[in-house]
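Here, each number is a calculation from the coordinates, and none is a lab measurement. What you see is a predicted model, and the numbers here were worked out from it, not measured in a lab. A quick note on method: Cβ atoms are made from the backbone with ideal geometry, for glycine too, and the neighbour counts reach across all protein chains shown.
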């Protein structure tokens, strides 16, 4: 098992970086790579070169190819991100926009059919939420995010759905509450990973 943890948090140390360390430490013999998009300076802007790749399925920019190669080495991907405006940060969305491209993540056939190409990957999602679970339930934010991320991205590319968990109350002043939330979310991801071994 090879795990790629992808983060898009601008600050270290952060709760996100603490989660990455907890996942890394608990992953046992699995090989773990961390793609820290903010620290590495990944450019999330979808350019004319990316548009060309979308239209033709060819000629992906070099930085996109490097990320695709990382994903090709992985069996499992864990996206760990703070929830910004009920979605992922723009940096992570731009990474998906550019990297999960036509010709690699999927292919559009001559008659418009879709070939889904990421069947080798299981994608897990750990969303770090500032609000409590009640807010997410009342306003159906969790359901909306599941639809957007699991159906709209994971399923579209033919990858397998892994765990999707929300770490609620991440901004709580109560350290015990925050620690319990971190442990529960990390355990949900680790449980899904252990089922795959």
Subject >> Mean Cβ count within 10 Å, highest first, over the residues of peptides 113-119, 188-194, 60-66 >> reply: 188-194, 60-66, 113-119
**OP:** For the chain, list log₁₀ I(q)/I(0) at each q in 0.08, 0.17, 0.19 Å⁻¹, using the Debye formula over Cα point scatterers of equal strength and ignoring solvent, two decimals each.
**Re:** -0.26, -1.18, -1.44
**OP:** With springs connecting C-alpha atoms under 10 Å apart, model the chain as a Gaussian network and identify which of 52, 120, 139 has the largest mean-square fluctuation.
**Re:** 139
**OP:** For residue 69, put the label point 7 Å out on the Cα→Cβ axis and report which residues of the range 14-50 keep their amide N under 20 Å from it.
**Re:** 31-44, 50
Subject >> Between helix 15-26 and the chain: long-axis angle, C-alpha atoms, 0 to 90°, nearest 10 >> reply: 90 degrees
Original post:
Assuming R0 = 22 Å, what is the FRET efficiency of residue 84 and residue 51, from their Cβ-Cβ distance, to the nearest 0.05?
Top reply: 0.30
Subject >> Segments 102-111, 150-159 sorted - mean Cβ within 10 Å per residue, highest first >> reply: 150-159, 102-111
Subject >> All Cα pairs of the range 135-197, percent lying beyond 13 Å >> reply: 69 percent
**OP:** Per DSSP H run of n ≥ 4, the term is -39500 (n - 2.57); total these for the chain, divide by its residue number, and report the mean residue ellipticity at 222 nm rounded to 500 deg cm²/dmol.
**Re:** -12500 deg cm²/dmol
